[in-house]
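Input: a single structure, listed below in structure tokens.
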Amino acid sequence: MNTVRTRIAPSPTGQDLHIGNAYTALINYVFAKKYGGEFVIRIEDTDKTRFVEGSEERILASLAWLGLRHAEGPDIGGPFNPYRQSERLEVYKKYAEELIEKGHAYYCFCTSDRLAAMRKDQEANHEAPMYDGRCRELKTQSSKLNAQKEPCVIRLRVPDEGVTVFHDEIRGDISFENKLIDDQVLLKSDGYPTYHLGVVVDDHLMKISHIIRGEEWISSTPKHVLLYQFFGWKPPLFAHMPLLRNPDKSKLSKRKNPVWVGDYINKGFLPEAILNYLATMAWMHPDGKEIFSVLEMVGAFNLLAIQTTAPIFDIEKLRWMNGEYLRKTQSSKLKVQIFDFYNGKYDQNLIERTIPLVIERMKTLAEYRSLAEFFFIRPEEFERPVDKKLVGIASKALESTEWNHDAMEAAIRLETEKAGMKAKDVFMELRVAITGKTVGPPLLESLEILGKEDTLIRLSLAK
Ligand code: GLU
């Protein structure tokens, strides 16, 4: 087999990398690695009307955060200096003109007003919105001259008859009747290519061997296949992945789930957990494993085993998996992750000491704060007022005890008994006074960390 080269080709038209694109990127990355191949990142920034400022930077940062790195190639500066279509406009122009020469494309001078009117008529007649071919028969020579003077686009000349068939590695053969394929614009009047021209030219020139992308691109593929034919190029293999769904099976949407990778970063998910969860979306580890690394996935992955039934992206399941990853992380590493997540707000050594007390309850880094902030900051707010008498009992017991779990427990039990109260009630009051909350990490272990002095001050301040 020739070198396997795959790619992810995000457009900087959204806030960040979409989680669905992260999913596609993972599959492409794993597939390339499996065959010792290369994974390429290409920014498809040719739609100026939908361009979002800062999007490219965030997409690249999210890919970097996930560890899905760009292969280094001849004209690529480094792992995160991707290809960028806006820097290659001359290339697309040349190929669009080549198609004109070959008679597979034509200049179109129709104005946007004319096209809008045409579309309106088609809508009224319940016809599919398609270019009506008015400029198809213009003489190439005179069009070429006019193209120097008048705004125009270049359109693909789709054959009137026949069918265009392609083989999808996951779905089998898919065919389209040519008469239903639009004479797609290839080069816009601003000199930018459309997605269809850009994607085909680049996938060819970048020697992409497998195009693995979301199923929403299936209907575009016959146009691409025609372009490969017209250029006389061998098309890559195609595989269209199922789209991620909300638990109610609707298309993953902002209303039901966070969709940007940055949202998951901010919520305190780990990249390993996200990748592992995404891996399970339409593919099953052959040993039925649920928790596995990207490296393990590379070993076990099989593109043909991708299921096409709608994979449900369930954030609760992801949270569970993230918790598993947090518990697998060494505390020396986790303390740095927590430290960084909170921008250095909490002391690293203290973080490390608190980890064993909170880790069982944590599903995301963002949950650390509510579980452990009291270690760093005395509570100012209390979930409910404390019972001063019970706090007094705890305080008395703790004043003169040794500072370890067993001694503290014995002292509190003794003092409580003397006062004729229930130990359980004193422990609860102690918890609220120390942490401000009624639930939290193991209490006496927490006091061990806080130390006697701070504990007694907290007890005296509790409201
Ligand atoms: N630029 C397209 C996107 O935004 C790429 C689609 C493809 O992979 O061909 O996803």
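The values are calculated or read from the model by the stated rules, or taken from the named source; none is laboratory data. Keep in mind it's a predicted model, so treat the numbers as computed, not measured. Because the Cβ atoms are built from the backbone with ideal geometry, glycine has one as well, and the counts that use them run over all protein chains shown. Just so you know, the surface numbers come from the protein's heavy atoms only, side chains and all, with ligands and any DNA or RNA stripped out. Shrake-Rupley method; radii C 1.70, N 1.55, O 1.52, S 1.80 Å.
Observations on the model:
- A search for C-beta distances below 6 Å between a residue of segment 427-446 that is over 17 Å from ALA397 (Cα atoms) and any residue that is among the small types (Gly, Ala, Ser) and part of a helix (DSSP H, G or I), counting only pairs 6+ apart in sequence or on different chains, returns nothing.
- Residue in segment 117-140 that is open to solvent by 20 Å² or more (accessible area, probe 1.4 Å), hydroxyl-bearing (Ser, Thr, Tyr) and more than 23 Å from LYS179 (Cα to Cα) present: no
- Exclusive hit being modelled with pLDDT of 95 or more, more than 18 Å from GLU272 (Cβ to Cβ) and surrounded by 13 or more Cβ atoms within 10 Å (Cβ to Cβ), set THR364, THR329, THR401: THR401
- Cβ-Cβ distances below 7 Å connect the following pairs, each with a first residue in segment 402-414 that is small (Gly, Ala, Ser), a second residue that is modelled with pLDDT of 95 or more and assigned to a loop (DSSP other than H, G, I, E, B), and a separation of six or more residues or different chains: ALA407/THR401; ALA411/THR401.
- Members of segment 1-60 that are within 13 Å of the ligand (Cβ to nearest atom), part of a strand (DSSP E or B) and open to solvent by 20 Å² or more (accessible area, probe 1.4 Å): HIS18
- For the residues ARG69, ARG88, the requirement of being under 30 Å from GLY37 (Cβ atoms) and modelled with pLDDT under 90 singles out ARG69.
- For the condition open to solvent by less than 30 Å² (accessible area, probe 1.4 Å), assigned to a helix (DSSP H, G or I) and modelled with pLDDT of 95 or more, ILE338 qualifies.
- Of all residues in segment 222-243, exactly one satisfies the criterion of being in a helix (DSSP H, G or I), surrounded by fewer than 21 Cβ atoms within 10 Å (Cβ to Cβ) and in contact with a strand residue (DSSP E or B) (Cβ under 6 Å, 6 or more places away or on another chain), namely VAL225.
- Checking each residue in segment 187-206 for being surrounded by 23 or more Cβ atoms within 10 Å (Cβ to Cβ) and of a type in the set (Gly, Ala, Ser) picks out only GLY198.
- ARG155, sole failed condition from (1) open to solvent by less than 20 Å² (accessible area, probe 1.4 Å); (2) in a helix (DSSP H, G or I); (3) away from the ligand (no atom under 12 Å from the Cβ): (2)
- Scan of segment 185-206 for residues that are farther than 13 Å from VAL91 by Cα and more than 13 Å from the ligand (Cβ to nearest atom), ordered by number: VAL185, LYS188, SER189, ASP190
- Near pairs, Cβ below 8 angstrom, 6+ apart or cross-chain, from segment 1-19 (more than 21 Å from ASP47 (Cα to Cα)) to any residue that is within 7 Å of the ligand (Cβ to nearest atom): THR6/ILE211
- Considering (1) open to solvent by less than 50 Å² (accessible area, probe 1.4 Å); (2) within 30 Å of TYR106 (Cβ to Cβ); (3) in contact with a Leu (Cβ under 7 Å, 6 or more places away or on another chain); (4) within 16 Å of the ligand (Cβ to nearest atom), the lone condition that GLU216 does not fulfil carries the number (1).
- Test: GLU429 is open to solvent by 40 Å² or more (accessible area, probe 1.4 Å) and under 27 Å from ILE359 (Cα atoms): no
- Per the listing LYS188, LYS207, LYS249, LYS179, the residue uniquely basic (Lys, Arg) and touching a Lys or Arg at 6+ places or on another chain (Cβ under 6 Å) is LYS207.
- Per-region count, segment 260-308, residues in a loop (DSSP other than H, G, I, E, B), open to solvent by less than 30 Å² (accessible area, probe 1.4 Å), within 17 Å of TYR29 (Cα to Cα) and at pLDDT 95 or above: 6
- Test result for GLY232, away from the ligand (no atom under 16 Å from the Cβ), at positive phi and more than 28 Å from the chain's Cα centre (by Cα): yes
- Cβ pairs under 9 Å, 6+ apart, first in segment 96-117 and small (Gly, Ala, Ser), second open to solvent by 30 Å² or more (accessible area, probe 1.4 Å): GLY103/THR140; GLY103/ARG157; ALA105/GLU97; ALA105/GLU98; ALA105/ARG157
- Boolean, LYS179 is within 16 Å of the ligand (Cβ to nearest atom) and in contact (Cβ under 8 Å) with a residue 12 or more places away in the chain: no
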